[in-house]
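For reference, the structure is listed below as structure tokens.
The values are calculated or read from the model by the stated rules, or taken from the named source; none is laboratory data. Small disclaimer: the values here were computed from a predicted structure and weren't measured. Neighbour counts run over all protein chains shown; Cβ positions are idealised from the backbone, glycine included.
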Amino acid sequence: MNFQQIKFKGSKNSYSILIGNKILSLLPRKIKSLCPKTRKIAVVIDKKVPNHFKKSLKHYLKKFDVTFLNFEANEKTKNLNTVNAFLEKLLFHKFNRSDLIISVGGGITGDVIGFVASTFKRGINFINIPTTLLAQVDSAIGGKTGVNSNYGKNLIGSFYQPRLVISDTSFLNSIPKREMICGYAEILKHAIIKDKKFFIWLKKNSKKIFSKNLKNLNYAIKKSCLIKIFFVNRDVNEKNLRMILNFGHTFAHAIEIKNKYSKKISHGEAVLSGMILESRLSYLKRKCSIQTLKDIKNIYEQNNLTHVFKKYSSVKSIQSLIPFLKNDKKNDDEKINFILLNSIGKTSQPNKNKISVFNLKKYSKLLINSNF
Ligand SMILES: NC(=O)c1ccc[n+]([C@@H]2O[C@H](COP(=O)([O-])OP(=O)(O)OC[C@H]3O[C@@H](n4cnc5c(N)ncnc54)[C@H](O)[C@@H]3O)[C@@H](O)[C@H]2O)c1
């Protein structure tokens, strides 16, 4: 069977990320070697994952005592009530810490079930099987788990690493274009912040990612995971370097909050808008060249993605985001803390570009300049 393996080596624990097509059959062998005491397994599966995957999983796990739990994943069900319901199900079925919980779904399922795993009897074995492009290139890596509260997104959570991640690209067959864009936005972000060669590769191959070409998907997922791991390993608890992964996300989060996380704009579309606005800000702050901006804009144009930031082409639209920028979790004072871009593949260091609301209002007139 053809698959690639990446190792995440943390200070406390390490695990593998397996990437390939139709690789779910690896699961029973891996469980035996990684969690040899497993008797009971809870598989929490996103309701939108096609049913044949559930059938395959039932077959591969037939030697274990398996409970399947369906999950209707959305930002509203990503909450503590859901966590409690899953915890109680595990208690009801008498799971213990040497048993196993497996998440099969996108970033929401992985975040919720990772959190459940971290709190069940202070930590039960956890395997993450991400089924969206975003989850395979981003959320399944790095150990952040959590849920939303009425006060905001992802405010309750923990750092908890899985025993294994299996990124099987056959799950992506049923992923709609809009969700593919969400994953692509993070892939592009990874290239922009860390890897010029990967950016050049994306310029040539992005269309093949959208058409779900397996070879290209595998390569993009692997490169993305390696870049995310690079930052996470140097700063697991997000105190400094890991903040670079937030490039584009300062504006993106403000856009999402302003739109009340409605379906009008997806997270990926907000990130794509945010990366353009933060690249323009980098140019205005004389951090990057006009050519860098053009290179980024070109890749949006080539992939018909420019519509996402067209909404932010008036001073009023930019200024309406400022109150929401002030609540960004990177801020530790009144100023807004940006990760800016020096060139493709290189950003500024975290906490070096704090911009006051007053100055940001001045820049907002220039941020809408569509010439760059
Ligand atoms: N933990 C982290 O480090 C981290 C990083 C980035 C994002 N996130 C979180 O991830 C979430 C977003 O992840 P996402 O984009 O995967 O969202 P998601 O989990 O909501 O999945 C997107 C949509 O795809 C559906 N779906 C899942 N797998 C499918 C499949 N194989 N076929 C068809 N449909 C399928 C889901 O039901 C959902 O409707 C957010 O809550 C975000 O906060 C976490």
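Worth pointing out:
- Residue, nearest to the ligand (Cβ to nearest atom), within region 157-190, restricted to residues that are within 30 Å of LYS121 (Cβ to Cβ) and either among the aliphatic types (A, V, I, L, M) or without any contact (Cβ under 8 Å) to a residue 60 or more places away in the chain (or both): GLY157
- 3 or more residues of a type in the set (S, T, N, Q) and farther than 20 Å from TYR363 by Cα: qualifying helices (runs of 4 or more DSSP H) within region 182-287: 214-234
- The sole residue among ASN327, ASN342, ASN298 that is assigned by TED's automatic domain parsing to the domain that holds ASN205 and in a strand (DSSP E or B) is ASN342.
- The residues of region 144-156 that are more than 8 Å from the ligand (Cβ to nearest atom) and not aliphatic (A, V, I, L, M), listed by number, are SER149, ASN150, TYR151, GLY152.
- Sub-7 Å Cβ pairs linking a first residue in region 97-110 that is over 13 Å from PHE68 (Cβ atoms) to a second residue that is more than 14 Å from the ligand (Cβ to nearest atom) and of a type in the set (Lys, Arg), at least 6 apart or interchain, are ARG97/LYS121; SER98/LYS37; ASP99/ARG39; ASP99/LYS40, ordered by first then second residue.
- Residue count, region 111-137 (criterion: assigned to a loop (DSSP other than H, G, I, E, B) and either free of Cβ contacts under 8 Å to residues at least 60 places away in the same chain or out of contact with any Leu (no Cβ under 9 Å at 6 or more places or on another chain) (or both)): 3
- Subset of region 1-16 [among the hydroxyl-bearing types (Ser, Thr, Tyr) and in a strand (DSSP E or B)]: SER14, TYR15, SER16
- Output for region 124-136, where each listed residue is more than 9 Å from the ligand (Cβ to nearest atom) and out of contact with any Cys (no Cβ under 6 Å at 6 or more places or on another chain): ILE124, PHE126, ILE127, ASN128, ILE129
- Of GLU301, GLU278, all but one fail to be closer than 17 Å to ILE181 by Cα, more than 16 Å from the ligand (Cβ to nearest atom) and acidic (Asp, Glu); the exception is GLU301.
- Unmet requirement for ILE318, which otherwise passes all of (1) within 19 Å of ILE193 (Cβ to Cβ); (2) touching a helix residue (DSSP H, G or I) at 6+ places or on another chain (Cβ under 7 Å): (1)
Yes or no, residue by residue, for (1) surrounded by fewer than 18 Cβ atoms within 10 Å (Cβ to Cβ); (2) within 25 Å of THR67 (Cα to Cα); (3) touching a His at 6+ places or on another chain (Cβ under 6 Å); (4) aliphatic (A, V, I, L, M):
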residue	(1), (2), (3), (4)
GLN4	yes, no, no, no
LYS9	yes, no, no, no
TYR15	no, yes, no, no
LEU24	no, yes, no, yes
LYS30	yes, yes, no, no
ILE45	no, yes, no, yes
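- Residue identified as touching a strand residue (DSSP E or B) at 6+ places or on another chain (Cβ under 7 Å) and assigned to a loop (DSSP other than H, G, I, E, B) among LYS89, LYS78: LYS78
- Selection of first residues in region 17-38 that are in a loop (DSSP other than H, G, I, E, B) and of second residues that are hydrophobic (A, V, I, L, M, F, W, C), restricted to Cβ pairs under 7 Å at least 6 apart or on distinct chains, gives the following pairs, ordered by first then second residue: ASN21/LEU214; ILE23/MET1; ILE23/PHE3; ILE23/ILE166; CYS35/LEU100; THR38/ILE31; THR38/PHE64; THR38/LEU100.
- Condition check for GLU75: acidic (Asp, Glu) and either within 16 Å of the ligand (Cβ to nearest atom) or buried (at least 18 other Cβ atoms within 10 Å of the Cβ) (or both): yes
- In region 114-123, the residue that is nearest to the ligand (Cβ to nearest atom) out of those that are surrounded by 24 or more Cβ atoms within 10 Å (Cβ to Cβ) and among the small types (Gly, Ala, Ser) is GLY114.
- Within region 125-143, the only residue that satisfies the criterion of being surrounded by fewer than 24 Cβ atoms within 10 Å (Cβ to Cβ), on the phi < 0 side of the Ramachandran plot and either modelled with pLDDT under 95 or among the hydroxyl-bearing types (Ser, Thr, Tyr) (or both) is SER139.
- With respect to being assigned to a helix (DSSP H, G or I), among the hydroxyl-bearing types (Ser, Thr, Tyr) and outside the structural domain of SER273 (by TED's automatic domain parsing), THR145 falls outside the description.
- The one condition from (1) surrounded by fewer than 24 Cβ atoms within 10 Å (Cβ to Cβ); (2) over 24 Å from PHE210 (Cβ atoms); (3) within 9 Å of the ligand (Cβ to nearest atom) that ASP111 does not meet is (1).
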